[in-house]
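Chemist: Have a look at this one before I ask anything.
Please treat every number below as a calculation from the coordinates, not as lab data. Since this is a predicted model, take the numbers as computed values, not measurements. No Cβ is skipped: glycine too gets one built from the backbone with ideal geometry, and neighbour counts run over all protein chains shown.
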Amino acid sequence: MNLLCDWDANRGNIKGRLVMFLFRLAAWCRALPTPLWWITIPYLAWYEITIIWTLGIEVRYKTKIGSGLGLFHAQALVVHEGTVIGAGCTLRQSTTIGAKRLADGTQSACPVLGDGVDVGANVVILGPVKIGARAVIGAGSVVVKDVPAGAVVAGNPARVIRQGSFHLR
């Protein structure tokens, strides 16, 4: 496990670097075999209180996140622990990514973001959607359907406004 695998993606962003380092450390702690991980419970509790409760960045250590995740203006960020985020992605403030409640009261599967996905501010991505590699999700979008690789989507509900390979940072 490389604790600094998100360092370059958050260049000039001390908060993003710190949060991702602490996330990687928490994920590493939880991946230790039982009963060894039990000695890390104080750190995991501290992570929960500091990052999730205090900073309002709900990125749980069970979430599968590829290397190089950039967090810009990380605040009011909610990522369900069942979400899968590919390598080299970017998330911005006030974004929610997770399951949706189904008619029978159960929860759907969570989104899967491919490599290099760029998510704008105030975006909501819900349900068992797949976001293709290098897709760009415009600010304020609500994504409830799959997004093709390289597409730029925006709106509520989000629709493809441009097809191609774009990556903003």
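Chemist: Distance from the Cα centre of the stretch 3-22 to that of the stretch 82-132, in angstrom?
Modeler: 21
Chemist: OK, next. For the stretch 8-163, please report how many Lys pairs fall under 20 Å Cα to Cα, leaving out neighbours fewer than 8 apart on the same chain.
Modeler: Values: Lys62/Lys100; Lys62/Lys130; Lys64/Lys100; Lys64/Lys130; Lys100/Lys130; Lys100/Lys145; Lys130/Lys145.
Lysine pair count for the stretch 8-163: 7.
Chemist: Separation between the Trp37 and Arg101 pseudo-spin-labels, each 7 Å from Cα along Cα→Cβ, expressed in nm?
Modeler: Distance between the two pseudo-spin positions: 2.9 nm.
Chemist: Sticking with this one: What's the extension gain from Lys15 to Ile161 if we count 0.36 nm per residue and subtract their Cα-Cα distance?
Modeler: Values: separation 146, 0.36 × 146 = 52.56 nm, distance 3.21 nm.
Stretched out fully, the Lys15 to Ile161 stretch lengthens by 49.3 nm.
Chemist: For the chain, what does -39500 (n - 2.57) per DSSP helix run (n ≥ 4), summed and divided by total residues, give at 222 nm, in deg cm²/dmol to the nearest 500? List each step's numbers first, then the result.
Modeler: Details: 2 runs with 25 residues, N = 169.
After summing the helix terms and dividing by residue count, I get -4500 deg cm²/dmol.
Chemist: Estimate the FRET efficiency between Trp28 and Ala149 by the formula 1/(1 + (r/R0)^6), using the beta-carbon distance for r and 35 Å for R0, to the nearest 0.05. Mind showing how you got there, number by number?
Modeler: Values: r = 31 Å, r/R0 = 0.87.
That gives a FRET efficiency of 0.70.
Chemist: Restricted to Cα positions, what overall size does the stretch 37-169 have along the principal axes? Three whole-Å values, descending.
Modeler: If we take the Cα atoms of the stretch 37-169, the spans are 49, 39, 22 Å.
Chemist: How do Asp146, Asp104, Asp8 rank when sorted from fewest to most other Cβ atoms within 10 Å of their own Cβ? It would help to have the intermediate numbers written out before the result.
Modeler: Details: Asp146 15, Asp104 5, Asp8 12.
The order, fewest Cβ neighbours first, is Asp104, Asp8, Asp146.
Chemist: Still on this model: At a 10 Å Cβ-Cβ cut-off, how would you order Ser141, Ser94, fewest neighbours first?
Modeler: Values: Ser141 24, Ser94 18.
Ranking Ser141, Ser94 by Cβ neighbours within 10 Å, fewest first, gives Ser94, Ser141.
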